[in-house]
Amino acid sequence: MKIEYVGLSEINGPLLVLDGVRGVAYDEMAEIVLDSGEHRYGRVTQIDGERAVIQVFEGTKGISLENCHTRFSGHPMELALSHEMLGRVFDGAGRPVDGLGNLYPDEKRDINGSAINPVSRQYPRSCIYTGISAIDGMSTLIRGQKLPIFSGSGLRHNELAAQIVRQAKVADDDSDFAIVFAAMGVKNDTADFFRKNFEESGALQRVVMFLNLASDPIIERILTPRCALTAAEYLAFKHGYHVLVIMTDITSYCEAVREFSSSKGEIPSRKGYPSYLYSDLASIYERAGMIHGLKGSVTQVPILTMPNDDINHPIPDLTGYITEGQIVLDRDLDQRGVYPPITVLPSLSRLMKDGIGEGFTREDHPALSNQLFAAYSKVQDARSLASVIGEDELSDTDKKYMEFGRLFEKYFIQQSQFENRTIDQTLDLGWQLLSVLPRDELDRIDDDMLSKYYRPGAISSLAEKDSKGAI
Amino acid sequence: MGDSYYIHGINGPVVTVHGGRGLSVMDMVHVGNLGLIGEVVSVRSGETTVQVYEETAGLLPGEPVTSTGAPMSILLGPGLLNNIFDGIARPLRAIEKKSGNFIARGINLAALDIEKRWDVKMTIKPGDTLSPGAVFAETQETPAILHRSMVPPNISGTVKSVLPDGSYTVTDTLAVLETVNGQTFELKLAHEWPIRRARPVVNRLPIDRPLITGQRIIDTLFPIAKGGCAAIPGPFGAGKTVTQHQLAKWSDADIIVYLGCGERGNEMTQVLEEFGELIDPRTKQPLLNRTVLIANTSNMPVAAREASIYTGMTIAEYYRDMGYHVAIMADSTSRWAEALREISGRLEEMPAEEGFPAYLPSRLAEFYERAGYMETLSGTEGSVTVIGAVSPQGGDFSEPVTQNTKRFVRCFWALDRALAYARHYPAINWTTSYSEYTDDLSAWYEKRFGTKFAQLRTRMTNLLHEETQLLEIVKLIGSDMLPEDQKLTIEAARIIRLGFLQQNSFHDTDTYVPIEKQIKMMDVMMYFYDKAQELVSRNIPISQLRESGIADALIRIKYDVPNDNIDLIDSYFGKIDDAVDAVLAKN
């Protein structure tokens, strides 16, 4: 027998306050039935004696102090899980919205999950080839990693994410691959773009979609990544899938957290975000990884749009401290028509060092990528110098760097949305580009490697193409 | 006590408790039917506030709360090394056995394995008078470390009975003491100590010897002393964690406490895997045999993150008391400060700067002041060195945690985003970093290496400073416009930056460099600068020297000269002479 509470004592934003409540647990689910017959769901966020505060997922619009009944479910928010989830579409709170009816659940899990014991974790080492040179060559994605894309509004991050989904594969292993897609506060068009893309690439049957669109309630948005990751963990660690989780847009998620926090009257910290934003984001991002003795893995590629392209904004900043690197998109490259507009210098994959090189990709990969980074960073110096004294006044070495930078962006970074480069192609291209520079400028590569791979003049084949392209 | 306490309200990790006469502040309590571990943070008449170290979802008002009657303590004894704990010293390997791959709640396990038998050698006999902290038994804890069991710091007395040498568990009574006031006290291999109270020592000793890390820029330019404190601030991706790992691997401390405080789970896994395989150059044992790991990753409960740095410090002090040199790597103290802020927010305290509580500086000071070079109660000397990573928001060093940390550390290794982007590692910026220990340590360096070391270091620092200023000009007019002597400065500084300051932590030879090699490298690089002055004085362009490849040879010394044959460096003086003479001959 469940007790039903009639009426409320207070409504404040998405929060309801009930008095005289007994036997209600922290974080328990509540169901609110309006007199109109409408059902809404909520969660207990604070208890003070007999007073309980409930956050309502669908919002409190239309609720008055008298027109509703509240029931408590006796358990925290759970998600029904089944292998049949693949190919289905759910709303932000995990309810099917594709008209195919409810799941027949295999099990139910608390969407908050629990922390993976650091002892049980397996250190990720096998790399995922995305077929994109700027990623495979310079910031390699590793299975079990969390590697966000730092973007800005208007940059082509969605295309990039779709391309990663289309082309991602693991070299040594063809185990089952699944995609969990979580949309948080994105526009309908964006959700459609992804749906169409999954369909065209024939991936739709391997995708689980959780959609919380821009007009959906913010409380649901806070649940969306948690539902998605619960599904991902279930598919990975129970059914052995390698799951790639794409989450977009983390910025909307954080704004939802801020909105909710301020309606609870919490003390704000930087830019109005609550002080627990770091812990909150960590509870999402840390749910990536691999576990000893289990077959599957959860890899995360969250997408966030940096407000005003500011990498020091709290959202990208806190994200960067938690995730294992980042792929940064750049407006300047985008405006010059470079796709993908990945700016390699601030981009980083922390797990890359243990997943590339001999036995993984190719022996020359670590030194080569290091050298490309170092050289491209000198390109920036040469460019800023050229902007002061003019390119003609540069020293010969600096001129070579200018040339290298131009070719690097044109041939290495730039590729078509449907071009899938193998790792060998990417690395060979890197060596070709380095041949623009004199050998004694290559200070990050040891002599044996240079004798083996460095071919002065190897650039000519590209340069030929370049000159033809110019005509 | 007879008082019964029950849960009244719940807000995240903060639980209010009613009933009884009120608990005492800092008491450890068990909350709810699951027995979640918590700590009393404030007491008012009729209401007690508790911070709970585990997830509080599912707690009901009215569930019982029981007090242990003692402050938050951990069990100290053999078995801490080569082990991994969470923020309140629960063994994660044992938790895995009990609850599987994901951490369950309400698991109350002691830090040490209470069933494991240790071979114990007793060092006392009946009738001995033992002072607090006296050693009464020895155990080979790992092949690298001899564990000395000590009388707890607040106990003393006369030995009444002693068991013979043999194999015992940490809970067996090995000896009985009669204390001054006639009571008996049972000595065991392990004893409990409250984590927030510093373990007493006889005396603080002056700091006068360095912690040798094998990292060139640290040992040479910004040395840290044994018993000192250092901070590594840097934006994300600048290499804080890699630097911490390098120090944990190669520094010449006897014991390393590696504290993963609110950081990534995969990083702790990496430490576990890597340290299990890497061999300590001094003891020839896997590094894990001298390491205690504390992992409270970012998704583990926030209150336990707050406690984790005290847990780590207490373990470090415990080994210091045995006469060891201990180094704590705290990664990262910013996450700890954020935990403090989060709990403070839940307690509805008045925030100070950026939402951090006003007591942030005093808590930081308390922590860093527990470091030091001490004369211990057991009559030995030991030290605790603290190396704390700081993760300033947006890489902005003016934020409160970095600023307040700067007040309590004397060594500051500022990591720089621009250097990291250029893949210059370690990305320690040599213009903004400093070490106040240089003077304290000069006597030590002088005794070993004569005055040469200090001279070389000063010359190298000056050269780098000159280069920084010249680069400002180069940015405006290009390097071709500079006079030859300044070109030489830039060339010599380039060799130092690439060949000396840059160090490849993934290269077998370069990852650890003995200090003798560092000095020779400095010497030969400065010799290059001096010798090439001959060209400048005769107005010969420095660029001619570049063709000889001598600069690249100098840069590659770090790879080409093995650490066990550093005399090879002497041959480079001749090479420099040859290269310069060849250029002179041509002109």
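The values are calculated or read from the model by the stated rules, or taken from the named source; none is laboratory data. The structure displayed is predicted, hence computed values, not measured ones. With ideal geometry, Cβ positions are generated from the backbone for all residues, glycine too; neighbour counts draw on all protein chains shown. For accessibility, only protein heavy atoms count, side chains too; no ligands or nucleic acids. Shrake-Rupley method; radii C 1.70, N 1.55, O 1.52, S 1.80 Å.
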Original post:
Can you tell me which residues in the range A:264-317 are in a strand (DSSP E or B), in contact (Cβ under 8 Å) with a residue 60 or more places away in the chain and open to solvent by less than 10 Å² (accessible area, probe 1.4 Å)?
Top reply: A:G289, A:I291, A:S297, A:V298, A:T299, A:Q300, A:V301, A:P302, A:I303, A:L304
Subject >> Any strands (runs of 3 or more DSSP E) falling wholly within the range B:307-407 and containing at least 2 residues that are away from chain A (no Cβ under 14 Å), out of contact with any helix residue (DSSP H, G or I) (no Cβ under 8 Å at 6 or more places or on another chain) and surrounded by 22 or more Cβ atoms within 10 Å (Cβ to Cβ) >> reply: B:372-375
Original post:
Can you name the residue in the range B:287-306 that is among the polar types (S, T, N, Q) and assigned to a strand (DSSP E or B) and, of all such residues, is farthest from A:I322 (Cα to Cα)?
Top reply: B:T291
**OP:** Can you work out which of the residues in the range A:88-111 that are surrounded by fewer than 18 Cβ atoms within 10 Å (Cβ to Cβ) and not charged (D, E, K, R) is farthest from the other protein chains (Cβ to nearest Cβ)?
**Re:** A:G99
Subject >> Residue match in the range A:121-129 (condition: closer than 30 Å to A:A168 by Cβ, within 14 Å of chain B (Cβ to nearest Cβ), in a strand (DSSP E or B) and open to solvent by 10 Å² or more (accessible area, probe 1.4 Å)) >> reply: yes
**OP:** Would you point out which residue out of B:K125, B:K97, B:K121, B:K160 is more than 25 Å from B:G12 (Cβ to Cβ), open to solvent by 50 Å² or more (accessible area, probe 1.4 Å) and within 14 Å of chain A (Cβ to nearest Cβ)?
**Re:** B:K97
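Residue by residue, here is whether (1) surrounded by 14 or more Cβ atoms within 10 Å (Cβ to Cβ); (2) away from chain A (no Cβ under 14 Å); (3) within 29 Å of A:I445 (Cα to Cα) holds:
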| position | (1), (2), (3) |
| --- | --- |
| B:L419 | yes, no, yes |
| B:A422 | yes, no, yes |
| B:Y425 | yes, no, yes |
| B:W430 | yes, yes, yes |
| B:A454 | yes, yes, no |
**OP:** Check off (1) more than 9 Å from every other protein chain (Cβ to nearest Cβ); (2) in contact (Cβ under 8 Å) with a residue 60 or more places away in the chain for A:Q326 and give me the number that stays unchecked.
**Re:** (1)
Original post:
What number of residues within the range A:340-359 are in contact with a Pro (Cβ under 9 Å, 6 or more places away or on another chain), more than 8 Å from chain B (Cβ to nearest Cβ), surrounded by fewer than 24 Cβ atoms within 10 Å (Cβ to Cβ) and touching a residue at least 12 places away in the same chain (Cβ under 8 Å)?
Top reply: 1
Original post:
Can you tell which of A:G20, A:G42, A:G59 is within 23 Å of A:R226 (Cα to Cα) and either outside any strand (DSSP E or B) or in the same structural domain as A:E220 (by TED's automatic domain parsing) (or both)?
Top reply: A:G59
Original post:
In the range A:68-98, how many residues are in a loop (DSSP other than H, G, I, E, B) and in contact (Cβ under 8 Å) with a residue 40 or more places away in the chain?
Top reply: 8
**OP:** Report whether or not A:A52 is part of a loop (DSSP other than H, G, I, E, B) and not polar (S, T, N, Q).
**Re:** no
Subject >> Neighbours by Cβ (under 8 Å, 6+ apart or cross-chain): first from the range B:346-359, over 20 Å from B:V50 (Cα atoms); second exposed (fewer than 14 other Cβ atoms within 10 Å of the Cβ) and of a type in the set (G, A, S) >> reply: B:A352/B:A358
**OP:** Give, as residue ranges, the strands (runs of 3 or more DSSP E) completely inside the range B:8-52 that count at least 2 residues that are more than 13 Å from every other protein chain (Cβ to nearest Cβ) and touching a residue at least 40 places away in the same chain (Cβ under 8 Å).
**Re:** B:27-31, B:36-44, B:47-52
**OP:** Filter the range B:526-552 down to the residues that are crowded, with 20+ Cβ neighbours inside 10 Å and not in a loop (DSSP other than H, G, I, E, B), then identify the one that is farthest from the chain's Cα centre (by Cα).
**Re:** B:L535
Original post:
Restricting attention to the range B:502-523, does a residue exist that is open to solvent by 30 Å² or more (accessible area, probe 1.4 Å) and more than 21 Å from B:S251 (Cα to Cα)?
Top reply: yes
Subject >> Any hit, the range A:333-348, residues being modelled with pLDDT under 90 and out of contact with any helix residue (DSSP H, G or I) (no Cβ under 9 Å at 6 or more places or on another chain) >> reply: no
Subject >> Scope the range B:55-90; condition charged (D, E, K, R) and either in contact with a Gly (Cβ under 7 Å, 6 or more places away or on another chain) or open to solvent by 30 Å² or more (accessible area, probe 1.4 Å) (or both); matching residues >> reply: B:E55, B:E63
Original post:
B:P223 fails exactly one of the following numbered conditions: (1) within 14 Å of another protein chain (Cβ to nearest Cβ); (2) touching a strand residue (DSSP E or B) at 6+ places or on another chain (Cβ under 7 Å); (3) of a type outside the set (V, I, T). What is the number of that condition?
Top reply: (1)
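Yes/no matrix, rows are residues, columns are (1) of a type in the set (A, V, I, L, M, F, W, C); (2) touching a Cys at 6+ places or on another chain (Cβ under 6 Å); (3) not assigned by TED's automatic domain parsing to the domain that holds A:P341:
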residue	(1), (2), (3)
A:V298	yes, no, no
A:P307	no, no, no
A:D310	no, no, no
A:I315	yes, yes, no
A:T319	no, no, no
A:G325	no, no, no
Original post:
Would you pick out the residues in the range B:253-269 that are away from every other protein chain (no Cβ under 12 Å) and open to solvent by 10 Å² or more (accessible area, probe 1.4 Å)?
Top reply: B:D254
**OP:** Could you please tell me which pairs satisfy a Cβ distance under 6 Å, a separation of 6+ or placement on different chains, a first residue in the range B:467-485 that is at pLDDT below 90, and a second residue that is loosely packed, with under 13 Cβ neighbours inside 10 Å?
**Re:** B:L476/A:V388
Original post:
Quick check, is B:V201 modelled with pLDDT of 90 or more, in a strand (DSSP E or B) and β-branched (V, I, T)?
Top reply: no
Original post:
Right, A:K452: within 9 Å of another protein chain (Cβ to nearest Cβ) and more than 25 Å from A:R156 (Cα to Cα) or not?
Top reply: no
Original post:
Could you list, in sequence order, the residues of the range A:24-39 that are open to solvent by less than 20 Å² (accessible area, probe 1.4 Å), under 33 Å from the mean Cα position of the chain (by Cα) and more than 11 Å from every other protein chain (Cβ to nearest Cβ)?
Top reply: A:A30
Subject >> Test: residue in the range A:159-175 that is without any contact (Cβ under 8 Å) to a residue 12 or more places away in the chain and in the same structural domain as A:L244 (by TED's automatic domain parsing) >> reply: yes
Subject >> So B:E192, is it open to solvent by less than 40 Å² (accessible area, probe 1.4 Å) and within 29 Å of B:G87 (Cα to Cα) >> reply: no
